[in-house]
Amino acid sequence: SFQDEVYGTITVENHTLEDHVLLKSDGLPTYNFANVIDDYLMKITHVIRGSEYLSSSPKYNLLYDAFGWQIPTYIHLPPVLKEAGKKLSKREGDASFEDFYNQGFLKAAIINYIALLGWNPGTEQEIFTLEELIKAFSVQRIQKAPAIFDLSKLKWINGQHIRNLSLEKFHSLALPYYEKTKNIDLTKLSNLLHTRTEIFAHFPEMIDFLNQLPDYDIELYTHKKMKTNPENSLIALQEIKPVLETLNSWDHDSIKTALFKLIEKLEIKTGKILWPLRTALSGKQFTPGGAFELAELLGKDESLKRIEIGIEKLG
């Protein structure tokens, strides 16, 4: 019998153990022999490894006893699976820490998520700094059951860590991803993206429309909730264009004030103006900001140019 910090007392019948081969035919020691001696010489006190090695531990312990050495403390960890019954494997292309880091995941977020695989703090808290994890962690709360690697959960945790960054820190981390973004106030762009980002690697597809308006389908103007379609969107853009042309000050508040006056004048729902405008400015279904923010980022000339393209498309 031996004690494991996660699985408790493990008892194995001696007659179930195979003869323990110590030396191979070429005279070199087997791994199971060298491993025990190596750990002893390095003064290893705790052995932390996957639960699949539980069955090998009795062999190692017999060697420790034979040499009269103290058996180390064992902590066998549950496996991490990508799906029921299937372990994560680098050979099968499963991502490593470095892969996630290179994709723009924050180091703190990766560590936070990995810590929660097979362990929980006993509270509802899910977002931890490294210092908080050190204080909260205990071997006793490691689970026996396998953990499932959930990429969506990792993305969510990464997003929470990004939101906890200062705007200045976020901006400095985001700058390398703005390389191809021209004629845009990058500080304003960071201000817009800070609370809307899960992974930095998503930036190119989120902001590509800022450089060039994509050739979009006019069906994008159809939105059931906003009650918009290509016909009433054309009317909306024709109403919006002269209002924005007369603006002397081009900023979020000025654009918003002018458009809300138009909405009040036309006596229509807000979405019937804002959805067509956002679509005309971005040519995308999902954007990192609403119509006011996009118009401010793009500037007056580019915004009016894109509204004109929208009118031509719809006409």
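Of note:
- Residues in the range 133-148 that are open to solvent by 80 Å² or more (accessible area, probe 1.4 Å) and either part of a helix (DSSP H, G or I) or at positive phi (or both): 134, 135, 140, 141.
- Residue in the range 163-180 that is at positive phi and open to solvent by 40 Å² or more (accessible area, probe 1.4 Å) present: no
- Checking each residue in the range 149-173 for being over 22 Å from residue 192 (Cβ atoms), in contact (Cβ under 8 Å) with a residue 12 or more places away in the chain and in a loop (DSSP other than H, G, I, E, B) picks out only 149.
- Residues located in the range 30-42, provided they are open to solvent by 60 Å² or more (accessible area, probe 1.4 Å) and without any contact (Cβ under 8 Å) to a residue 24 or more places away in the chain: 31, 38, 41, 42
- Flag if residue 16 is out of contact with any Cys (no Cβ under 9 Å at 6 or more places or on another chain), over 21 Å from residue 142 (Cβ atoms) and either without any contact (Cβ under 8 Å) to a residue 12 or more places away in the chain or loosely packed, with under 12 Cβ neighbours inside 10 Å (or both): yes
- Residue in the range 210-228 that is part of a helix (DSSP H, G or I), in contact with a helix residue (DSSP H, G or I) (Cβ under 7 Å, 6 or more places away or on another chain) and modelled with pLDDT under 95 present: yes
- Residue 70 being of a type outside the set (Lys, Arg), in a loop (DSSP other than H, G, I, E, B), within 30 Å of residue 19 (Cα to Cα) and at pLDDT 85 or above: yes
- Among residues of the range 88-113 that are closer than 18 Å to residue 129 by Cβ, those with a beta-carbon under 7 Å from a residue that is modelled with pLDDT under 85 at least six positions away or on a different chain give the pairs 110/97.
- Condition broken by residue 32, with the remaining ones in (1) assigned to a helix (DSSP H, G or I); (2) at pLDDT below 95; (3) under 20 Å from residue 161 (Cβ atoms) satisfied: (3)
- Matching residues, the range 273-299, being touching a Leu at 6+ places or on another chain (Cβ under 7 Å), part of a helix (DSSP H, G or I) and not hydrophobic (A, V, I, L, M, F, W, C): 276, 278, 279, 282, 293
The values are calculated or read from the model by the stated rules, or taken from the named source; none is laboratory data. Everything numeric here is computed off the predicted structure, so don't read it as measured data. With ideal geometry, Cβ positions are generated from the backbone for all residues, glycine too; neighbour counts draw on all protein chains shown. Surface areas here come from the heavy atoms of the whole protein model, side chains and all, with no ligands, DNA or RNA. Shrake-Rupley method; radii C 1.70, N 1.55, O 1.52, S 1.80 Å.
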